[in-house]
Amino acid sequence: PAYITKCLAWWLIFMPYISSHGVLDAVRQSVMLALLSMIYFMRAKTEERHLSQDAVYIHYAHYIDQYGIFSGLGRRFSWLKFKPGRLLNLSN
């Protein structure tokens with residue numbers, strides 16, 4: 001939720017589709033915000049993959065999948081549901 005809120009705030013604050021410098025500037029701002037949003041998406045996926053190595057987090061994630069504020073979206077779009085990442089072998 002923190003990453004989603006941050007990206008949404010940037011999109012709402014900068015509103016690239018309302019540009020006083022023309023259409024080209026609005027397109028440039030949209031592309032830059034899309035790239036920034038992609039970076040935050042990748043950060044969130046990486047963070048979840050690392051956290052999914054903890055049994056407590058796995059329990060929490062399954063609970064959120066079932067009872068969280070966006071649980072309806074997870075039921076409708078299966079790719080939004082939590083899937084524990086591949087465990088890393090840290091014993092080497």
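Listing for the model above:
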read-out	value
Spin-label pair Y3/L80, simplified geometry with 7 Å Cα→Cβ offset, distance in nm	1.6 nm
Area of S78 that stays accessible when all protein chains are in place (1.4 Å probe, Å², to 10)	80 Å²
The chain: mean projected area of Cα convex hull, nm²	8.1 nm²
Average accessible area per residue (Å²) across the chain - probe 1.4 Å, nucleic acids and ligands excluded	84 Å²
Cα gyration tensor, the stretch 9-59 - rounded (a/c under 1.5), prolate or oblate	prolate
For the chain, calculated [θ]222 nm from helices alone, where every DSSP H run of n ≥ 4 adds -39500 (n - 2.57)	-22000 deg cm²/dmol
Principal-axis tilt of helix 55-67 within the chain, Cα atoms, nearest 10 degrees	60 degrees
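The values are calculated or read from the model by the stated rules, or taken from the named source; none is laboratory data. Here the structure is a predicted model, which means the values were calculated and not measured. Cβ: placed from backbone, ideal geometry, glycine included. Neighbour counts: every protein chain shown. Accessible surface is based on the protein model in full, side chains and every heavy atom, while ligands, DNA and RNA are left aside. Shrake-Rupley method; radii C 1.70, N 1.55, O 1.52, S 1.80 Å.
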